[in-house]
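Asker: Let me give you the structure first, and then I'll get to my questions.
The values are calculated or read from the model by the stated rules, or taken from the named source; none is laboratory data. These numbers were taken from a predicted model, which means no experiment stands behind them. Positions of Cβ are backbone-derived with ideal geometry, glycine not excepted, and every protein chain shown enters the neighbour counts. Protein only, heavy atoms only, side chains kept; ligands, DNA and RNA dropped before computing areas. Shrake-Rupley method; radii C 1.70, N 1.55, O 1.52, S 1.80 Å.
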Amino acid sequence: MKHYLAIKDLPSIKATVSEAIELKKNPLQYQHLGKNKTIGLLFFNNSLRTRLSTQKAALNLGMEPIVMNFGAEGWQLEFEDGRIMDQGKSEHVKEAAQVISQYCDVIAIRAFAGLEDKQKDEAEQVLSAFVKHASVPILNMESSVGHPLQALADAITIEEHKPSKEKLKVVLSWAPHPRALPHAVGNSFAEMALAHEDDFEFVITHPKGYELDPKKTKGAILEYDQKRAFEGADIIYTKNWSSYKDYGKVACKDSSWTVDKEKMAVTNDAKFMHCLPVRRNVVVADEVIDSENSIVIAQANNRTYSAQIVLKKILDALS
Ligand code: CP
């Protein structure tokens, strides 16, 4: 595997989940693979889990991580071709990507959607520029439209915590949030869930007007009644996103969409999942996130093994 930009870059999501669970039993067994190799982690946005788990994954594989926060530390990068650079931006991504490729064997990037210009966000301006101008593999640590490391960690967590049942009912539920959030987590979760079509009945529930990009959700069951969606569910995955249709707008803050004990009661004793960070008592009630059915901490732990199995595949291809 050269780059990891989306779930579809994995040869097989189900095989990768099995490999990650196997790797987790002895995470230091491939230390030789990353010896004398460096990964550069470039952050254009904040992070807790991605920043620490990707470094941990690299260290487990014997790699040296270097972290750079572009917002606070780097020169402001220009991404548009042909620009007369006489304003605030000091360096073009053309040089920056080639320079960083000389220092790093893999480049990992976090660059969220701006949520102002749909076309620009969908073009994945930052990620695509690094893919184009860097000469080393690129790892997506959450881009404008996808968070594939998170979705792989989610798949590993579901595999570890699922009830023994032929077909799971997996529900992605929108929840309220005071701020406009990107669609990346929802998109990648949908991509992952739809890749499990033989194993998951995949339902998405949200208020009208919050439909995700239909190209990402083709094949999912859409249910506008949240309680009906929750009935008999085995997995409740909650996440806020802003409107896709009325791009980047917060059209609804309806607190009746908060996931609480009453809604969880109609499920099949479902596990509760969220990628974190989460706003308690806005997205989910304390009584749910603190319950025995909440697997959010195990889910965050799997971010390490998700990143590690992906980095292992990249290192295998380099050697
Ligand atoms: N879930 C996730 O990506 O967390 P961070 O934003 O803290 O990295």
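Asker: Which ones in region 175-212 are open to solvent by less than 20 Å² (accessible area, probe 1.4 Å) and under 16 Å from the mean Cα position of the chain (by Cα)?
Answerer: Hits for region 175-212 are 183, 184, 185, 186, 187, 188, 189, 190, 192, 193, 212.
Asker: Out of the residues in region 270-319 that are under 17 Å from the mean Cα position of the chain (by Cα) and more than 18 Å from residue 237 (Cβ to Cβ), state the one that is most open to solvent (accessible area, probe 1.4 Å).
Answerer: 305
Asker: Name the residues in region 117-156 that are aromatic (Phe, Trp, Tyr) and within 18 Å of the chain's Cα centre (by Cα), would you?
Answerer: Those that are aromatic (Phe, Trp, Tyr) and within 18 Å of the chain's Cα centre (by Cα): none in region 117-156.
Asker: Within region 7-56, count every residue that is open to solvent by less than 70 Å² (accessible area, probe 1.4 Å), free of Cβ contacts under 8 Å to residues at least 24 places away in the same chain and not in a helix (DSSP H, G or I).
Answerer: Of the residues in that region, 1 qualify.
Asker: Here's something else I'd like to know. Step by step: first the residues of region 57-89, then only those that are of a type in the set (A, V, I, L, M) and in a loop (DSSP other than H, G, I, E, B), then the one that is farthest from the ligand (Cβ to nearest atom). Which residue is that?
Answerer: Residue satisfying both the conditions and the ranking: 84.
Asker: Cβ contacts < 6 Å: first residue over 19 Å from residue 228 (Cα atoms), restricted to region 267-288; second residue within 16 Å of the ligand (Cβ to nearest atom) and open to solvent by 90 Å² or more (accessible area, probe 1.4 Å), any location; separation 6+ or different chain. Result?
Answerer: What qualifies is 286/280.
Asker: Restricting to region 248-262, give me the number of residues that are part of a helix (DSSP H, G or I) and over 24 Å from residue 151 (Cα atoms).
Answerer: 4
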